[in-house]
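Notes to accompany the following structure.
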Amino acid sequence: MNFDYSPRVQDLRVRLLAFMETHIYPNEQRFFDEIAANRAQGNAWVPTELIEELKPLARQAGLWNLFLPHSPRAPEGLSNLEYAPLCEIMGRVPWAPEVFNCNAPDTGNMETFERYASEALKDRWLEPLLRGDIRSAFLMTEPEVASSDATNIQCSIVRDGDHYVINGRKWWSSGAGDPRCAVYIVMGKTDPEAARHAQQSMIVVPANTPGIQVLRPLSVFGYDDAPHGHMEVLLENVRVPADHMLLGEGRGFEIAQGRLGPGRIHHCMRSIGAAERALELMCKRLNSRVAFGREIARQSVWHERIAEARCMIEQARLLTLKAAWMMDTVGNKGARAEIAMIKIVAPLMAGQIIDWAIQAHGGAGVSQDFPLAYSWANQRTLRLADGPDEVHRNSLAKLELAKHLLKPVETEMPVTRGC
């Protein structure tokens, strides 16, 4: 394994760091102020002018669509290993990835279109997504079942002549609150009588199709994440053309295996960036504050936490890079243990370091004056998104046990909620 940056990645990293310093960090408060102003005027669900201003600058800087490898429609795309250090930098500010068109759930949906959609669907939906003209949502999780087991999904997709008819209720449909959200990828059941992992399918649904109701936004520790949002969506007799089915009936799990691997590791890359930012803010705060007659940084309890934080970040980064390298060399299925491991490790690691940073800031740490509270909420949520910790631990344990059986058993990556 060689984790050295290639000359191309070195150049992109320098440009991305400069872009963050010039355009992202100075505008962190403006982003939230703009949303607050929209909310005060009666509608928080309006695209921010800031991000729309920054997108063309990111494209001019060559920092666009870096996440999508092996696509003739996105020649700037990098391998997972190459993308890792860049995604980490973007993750230092939660809203930054959209500036570079590298934000969830659009990245996962673009991967899905690229790998599994017809050329006609790519022309209609992938192209405007790659341009950043529209946004998308992924509808998988349901409020009435334990969606950590995706075989529980009840949303029905029934063939009716040249169409499919969809009925179901979804929630945590990230991105569906954005007025630019033009297309959904929906997972549901086409054949409840089929084998357990052949019942589900994925279908492309234009967001303006009759029968779709976006019922409400769901808040995350009080944050509604406007204008992105995590919505509850009702689908009642929603009719879409039969050629909108991806790959064919019963192949939803197969698609999910391909979609969720990159999505999970992208989350982990961003978690490392969030942890680095928290450690940086923690050290600056400790060096600048005096309590009981001396700088807080001189108190030994903080030496322990800072050292532990640095070890935790480096360990998680190396595991992320290994997982990315394996995805590039042996594929998502061959890297499923490493993907599970880093999905367990990274959000826990980031959450702990952000928690220490909040403690170092005192009351300011839980306020809106610093990015720590919002960052912590994001990391705590990641222990549920794209599969809860328990599911990944279970999958990982089965893989480990299988190594020591006389006849190894086949173990799939878990398919659970994807952001």
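The values are calculated or read from the model by the stated rules, or taken from the named source; none is laboratory data. Remember, it's a predicted structure, so these values are computed and weren't measured experimentally. Neighbour counts are summed over all protein chains in view; Cβ atoms, including those assigned to glycine, are modelled from backbone coordinates with ideal geometry.
Give the range 277-297 a look and list any residue that's surrounded by 12 or more Cβ atoms within 10 Å (Cβ to Cβ) and out of contact with any helix residue (DSSP H, G or I) (no Cβ under 6 Å at 6 or more places or on another chain), or say none.
The answer is ARG277, GLU280, CYS283, LYS284, GLU295.
Which of the residues belonging to the range 78-102 are aromatic (Phe, Trp, Tyr) and part of a helix (DSSP H, G or I)?
Listed by number, the list holds a single entry, TYR83.
Scanning for something under 21 Å from GLU400 (Cα atoms), touching a residue at least 12 places away in the same chain (Cβ under 8 Å) and not basic (Lys, Arg), does the range 289-309 turn up at least one residue?
Residues of the range 289-309 under 21 Å from GLU400 (Cα atoms): none.
No, there is no match, as no residue in the range 289-309 is under 21 Å from GLU400 (Cα atoms), touching a residue at least 12 places away in the same chain (Cβ under 8 Å) and not basic (Lys, Arg).
Determine which single condition ALA360 fails, assuming it passes every other condition in (1) among the small types (Gly, Ala, Ser); (2) under 23 Å from the mean Cα position of the chain (by Cα); (3) crowded, with 20+ Cβ neighbours inside 10 Å.
Answer for ALA360: the failing condition is (2).
Given LYS122, LYS189, which one is surrounded by 15 or more Cβ atoms within 10 Å (Cβ to Cβ), farther than 15 Å from VAL214 by Cα and free of Cβ contacts under 8 Å to residues at least 40 places away in the same chain?
The match here is LYS189.
Which residue, of PRO75, PRO69, is outside any helix (DSSP H, G or I) and surrounded by fewer than 16 Cβ atoms within 10 Å (Cβ to Cβ)?
PRO75
Can GLY250 be described as touching a helix residue (DSSP H, G or I) at 6+ places or on another chain (Cβ under 6 Å) and modelled with pLDDT under 95? Outline the logic, then answer.
Details: touching a helix residue (DSSP H, G or I) at 6+ places or on another chain (Cβ under 6 Å): yes; modelled with pLDDT under 95: no.
Answer is no for this residue.
I'd like to verify a number: residues in the range 208-258 that are under 30 Å from ASP33 (Cα atoms), in a strand (DSSP E or B) and touching a Gly at 6+ places or on another chain (Cβ under 6 Å), how many?
2
Output the qualifying pairs, or none if there are none: Cβ atoms under 9 angstrom, residues six or more apart or on different chains, first residue in the range 26-52 and outside the structural domain of TRP95 (by TED's automatic domain parsing) and in contact (Cβ under 8 Å) with a residue 12 or more places away in the chain, second residue assigned to a helix (DSSP H, G or I) and crowded, with 16+ Cβ neighbours inside 10 Å.
Qualifying pairs under 9 Å: none.
Where in the range 103-204 are there strands (runs of 3 or more DSSP E), lying wholly inside it, with at least 1 residues that are within 18 Å of the chain's Cα centre (by Cα) and at pLDDT 95 or above?
Passing ranges, in order: 135-139, 163-174, 181-189.
Return the pairs, sorted by first residue and then second, in which the second residue is of a type in the set (S, T, N, Q) and part of a helix (DSSP H, G or I), the first residue lies in the range 349-375 and is touching a residue at least 60 places away in the same chain (Cβ under 8 Å), the beta carbons are less than 7 Å apart, and the residues are 6+ apart or on different chains.
Taking only residues 6 or more apart or on different chains, the pairs are ALA350/SER271; ALA350/GLN379; ILE354/SER375; ILE354/GLN379.
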